[in-house]
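The values are calculated or read from the model by the stated rules, or taken from the named source; none is laboratory data. Since the model is a prediction, treat every value here as computed from it, not as a measurement. Cβ: placed from backbone, ideal geometry, glycine included. Neighbour counts: every protein chain shown.
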Amino acid sequence: MLLTTFQVDYPILRETLSHAPDIELTWVRSDLTADGDHRLLAWVEGDDLEAFENELEDDPTVTPPSPVAEFDGRRLYQFELTPAGQQASVYPLVIDEGGVLREVTATAEGWRFRVVFPDEAAVERFHAFFREQESTVELRRLHECEDGDGGNRPRSQFGLTDRQCETLIAAVNAGYLDIPRSCSLAELGERFGISPNATSERFRRGVRTLVENTVYPDDESSTDGTP
């Protein structure tokens, strides 16, 4: 089994995210219906969720969604892909190749896929899918994992997004982890131009990912399962 991390200029929601630079999307699951429709469930967080929703009206890859839930400054959306979005979607290929999506996030900088594949041939076909669409794709990490671990706890890479890594480093440098603290969440957020809630969410997600991918015990799992 191979655990991979790809950075992709993915067409899905590209236009919307390009006009919402403070927004971060975190994939939850995807579903293919009997009618051939593709639905995507994802959390969206950031300081200007209203602007994000406004941009969705003109996005060619999704139909305008409605929020499913809202919690702690985040909104859960169910997106339905348009025909153009379905054509651009890599999800059917992942299923056909026996792959498992472990983590998918998106920002204005592109999409980050963390996927477990059964072999190198499947990895190459995933990579080729984006090349054929003339999308920029970069394999950031490739790690062999045991058949039974599903790629949950690789020891040679941390699985952090660029923003999570940036936030954790800034927290240390600013003294947020000092005793007593010499920096508040609000002050830390000012460094990135985001709210204290968004800063807290990004920090906690980064810490969780770091723990899961470094010291979390091999006989336990905190993931939500496969899609």
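From the set of residues in the stretch 184-202 that are surrounded by fewer than 17 Cβ atoms within 10 Å (Cβ to Cβ) and out of contact with any Leu (no Cβ under 7 Å at 6 or more places or on another chain), which is nearest to residue 45 (Cα to Cα)?
The extreme case among them is 197.
In the stretch 98-109, what count of residues is obtained for those that are crowded, with 20+ Cβ neighbours inside 10 Å and in contact with an Asp or Glu (Cβ under 9 Å, 6 or more places away or on another chain)?
Matching residues across the stretch 98-109 total 2.
Is it the case that residue 102 is of a type outside the set (A, V, I, L, M, F, W, C) and under 18 Å from residue 161 (Cβ atoms)?
Judged against the criteria, residue 102 is a match.
Determine if the stretch 12-20 includes at least one residue that is exposed (fewer than 15 other Cβ atoms within 10 Å of the Cβ), closer than 21 Å to residue 194 by Cβ and among the polar types (S, T, N, Q).
Yes, because at least one residue in the stretch 12-20 is exposed (fewer than 15 other Cβ atoms within 10 Å of the Cβ), closer than 21 Å to residue 194 by Cβ and among the polar types (S, T, N, Q).
Specify the residue that is farthest from residue 117 (Cα to Cα); the eligible residues are those in the stretch 48-91 that are touching a Gly at 6+ places or on another chain (Cβ under 8 Å) and surrounded by fewer than 19 Cβ atoms within 10 Å (Cβ to Cβ).
60
Only one of 94, 123 is of a type in the set (A, V, I, L, M, F, W, C), touching a residue at least 40 places away in the same chain (Cβ under 8 Å) and buried (at least 19 other Cβ atoms within 10 Å of the Cβ). Can you tell me which? Before you say what the answer is, go through the steps one by one.
Numbers: 94 fails: touching a residue at least 40 places away in the same chain (Cβ under 8 Å).
It is 123.
Take the residues in the stretch 160-187 that are of a type in the set (S, T, N, Q) and under 19 Å from residue 104 (Cα atoms); name whichever of them is nearest to the chain's Cα centre (by Cα).
The extreme case among them is 161.
Would a scan of the stretch 26-40 turn up a residue that is surrounded by 19 or more Cβ atoms within 10 Å (Cβ to Cβ), touching a residue at least 12 places away in the same chain (Cβ under 8 Å), of a type outside the set (Lys, Arg) and more than 30 Å from residue 120 (Cβ to Cβ)?
no
Looking only at residues in the stretch 203-227 that are surrounded by fewer than 17 Cβ atoms within 10 Å (Cβ to Cβ) and of a type in the set (Gly, Ala, Ser), which one is modelled with the lowest pLDDT?
The residue in question is 225.
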